[in-house]
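Asker: Here's a structure for you.
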Amino acid sequence: MRNPTWTEDELVLALDLYFRLGRHVGDTSRPEVIQLSTTLNSLPVHPASVRSGTFRDPAGVSMKLGNISQLDEALVATNQELVTRFEKKIQATLARIWGEEEPTPGKG
């Protein structure tokens, strides 16, 4: 069974971690990756009936961070203006979530 597609809320949490890790992919043994896995598994977003045994496990979280990193690197390589707009949107979203004017790097 395939795990369900990541929701926007789950992706925002993954993006938050990606930026808190300094735009690096987290290893499956990193406490932050394990914590995000635990958080995602505790959310009532997807019913148990659609979750496989690997649902949002640390390997899946790390893979999603890798997907984000590839997109981030591709954007940087192809269109700096697009990256700036993309980053501003992410920064604004994180600021809204954190309830701040400017996101604080490393805040968790």
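Asker: I'd like the Karplus ³J(HN,Hα) series for segment 38-47: coefficients 6.51, -1.76, 1.60, θ = phi - 60°, whole numbers in Hz, and an x wherever there's a Gly or Pro.
Answerer: So the Karplus estimates, Gly and Pro as x, are 4, 4, 4, 6, 8, 6, x, 7, 10, x Hz.
Asker: Separate question: Among Ser49, Thr38, Leu94, whose Cα sits farthest toward the positive end of the charge dipole of segment 8-98 (+1 at Cβ of Lys/Arg, -1 at Cβ of Asp/Glu, about the Cα centre)?
Answerer: Of the listed residues, the answer is Leu94.
Asker: I've got another one for you. Taking H placed 1.01 Å from N in the peptide plane, check which residues at least 5 places from Thr7 or on another chain put their amide H under 5 Å from its amide H.
Answerer: Correct list: empty.
Asker: Any idea how far apart Ser29 and Asn67 come out in nm if each label point goes 7 Å out from Cα toward Cβ?
Answerer: Modelled inter-label distance: 2.6 nm.
Asker: Calculate one ³J(HN,Hα) per residue across segment 21-36 by plugging θ = phi - 60° into the Karplus curve 6.51 cos²θ - 1.76 cosθ + 1.60, and present them in order as whole Hz with x for glycine and proline.
Answerer: 3J(HN,Hα) across segment 21-36, in whole Hz: 8, x, 6, 10, 7, x, 5, 4, 8, 5, x, 5, 5, 5, 5, 5.
Asker: Sticking with this structure for a sec: Hey, could you grab the Kirkwood Rh for segment 8-98? Inverse mean 1/r over distinct alpha carbon pairs, Å, one decimal.
Answerer: 13.9
A short reminder: the numbers here are calculations on the coordinates, not readings from a lab. The structure presented is a predicted model; accordingly, all values stated were derived computationally and were not measured. Cβ coordinates were reconstructed from backbone atoms using ideal geometry, including for glycine residues, and neighbour counts include every protein chain displayed.
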